[in-house]
1. Yes or no: residue 141 more than 17 Å from residue 230 (Cα to Cα), in the same structural domain as residue 103 (by TED's automatic domain parsing) and not basic (Lys, Arg)?
2. Working carefully through the options 50, 30, find the one that is under 24 Å from the mean Cα position of the chain (by Cα), part of a helix (DSSP H, G or I) and either of a type outside the set (S, T, N, Q) or more than 24 Å from residue 152 (Cα to Cα) (or both).
3. Here is a check on your reading of the model: is residue 101 over 14 Å from the mean Cα position of the chain (by Cα), crowded, with 18+ Cβ neighbours inside 10 Å, part of a helix (DSSP H, G or I) and among the hydrophobic types (A, V, I, L, M, F, W, C)?
4. Across the range 40-61, what is the number of residues that are hydroxyl-bearing (Ser, Thr, Tyr) and touching a Ser or Thr at 6+ places or on another chain (Cβ under 8 Å)?
5. Since residue 140 meets every condition but one in (1) touching a Cys at 6+ places or on another chain (Cβ under 8 Å); (2) aliphatic (A, V, I, L, M); (3) surrounded by fewer than 18 Cβ atoms within 10 Å (Cβ to Cβ), which condition does it not meet?
6. Looking at residue 24, is it in a loop (DSSP other than H, G, I, E, B) and of a type in the set (A, V, I, L, M, F, W, C)?
7. Taking the range 180-190, which residues are in contact (Cβ under 8 Å) with a residue 60 or more places away in the chain and buried (at least 18 other Cβ atoms within 10 Å of the Cβ)?
8. Can you tell me which of 5, 57, 17 is of a type in the set (Lys, Arg) and touching a helix residue (DSSP H, G or I) at 6+ places or on another chain (Cβ under 9 Å)?
Amino acid sequence: MQNHKGYELISIDRREKRPYDLQIRDRIKALILDQTFYYQDILPDPLDLAVSLSIDKELTLQAYKHLVKDSFIKKTENGYEIAYLELTNYFFDRNVAIYDAIIALGLTPSIECVSKKVIVLSDEIARSYGFDTERSFLYINRIYKGNQRPLIILENYIPMSIFPKIDQLLTGVEPLNAFIYEHYGLYAKDSHRVTKAVNLPKDIAKYLNEPEGSPSISSTNHVYDQHQRLIDYGQSHSTSSYYFQSIIPIKSK
């Protein structure tokens, strides 16, 4: 068995009810998210890892299959290699819409609308979101998918004064940036995103088909148009397989 830091870091809890393959999958995901494992690092051989953990080899092989399916790792002639930074490199220094980012992953994008309604926010809440005078908004909550697999759930607050009748025009399943440009002639020139690592709360986890408490990235995003107006405030949670989206540096066009 080769000397590899993964043998010490990848562990299972025999008291936990979750299957060992899912424990191993999530443990490796966590090690990737905190950058213990980097792009092009080689993971321990799954058969050797099974010996190290004293479990059946089919469990480690299944865990690695999960990670390949989630685009976290890929199998090469050198072994199982970390792949997720290959995705993030594409987006460095780019202001990329979620829909376009999913396409760049090589996946077929789709959007499911969970909720769409006009709401009025209190002065305190609206200002905490960054709006000085706006109070009436289109609230829309949507799930972005790649190959029908949920990747990110995103809530948007869009000011009605800037986008009149958007509640009637927007069905909820179209890419938002493209829709705004087509119907209103506005585009996202600048944005400011703040991200943090969290564990998925139960109500969000169910939409993403992830276990409650799974590692996730929570983001808040302020989007400004070419006239320097705040046109969208968003709050999102992403699956760990969509982590690359959260670490894209956002710059002006």
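1. For residue 141, the condition - more than 17 Å from residue 230 (Cα to Cα), in the same structural domain as residue 103 (by TED's automatic domain parsing) and not basic (Lys, Arg) - is met.
2. Being under 24 Å from the mean Cα position of the chain (by Cα), part of a helix (DSSP H, G or I) and either of a type outside the set (S, T, N, Q) or more than 24 Å from residue 152 (Cα to Cα) (or both) holds for just one of 50, 30, which is 30.
3. no
4. Within the range 40-61, residues that are hydroxyl-bearing (Ser, Thr, Tyr) and touching a Ser or Thr at 6+ places or on another chain (Cβ under 8 Å) number 0.
5. Of everything listed in (1) touching a Cys at 6+ places or on another chain (Cβ under 8 Å); (2) aliphatic (A, V, I, L, M); (3) surrounded by fewer than 18 Cβ atoms within 10 Å (Cβ to Cβ), residue 140 misses just condition (3).
6. Here the answer is no, as residue 24 does not meet what is asked.
7. Answer for the range 180-190, where residues must be in contact (Cβ under 8 Å) with a residue 60 or more places away in the chain and buried (at least 18 other Cβ atoms within 10 Å of the Cβ): just 188.
8. 57
The values are calculated or read from the model by the stated rules, or taken from the named source; none is laboratory data. The shown structure was predicted, so the numbers you read here are calculated from the model rather than taken from an experiment. Every residue, glycine among them, receives a Cβ derived from its backbone with ideal geometry; neighbour counts consider all protein chains shown.
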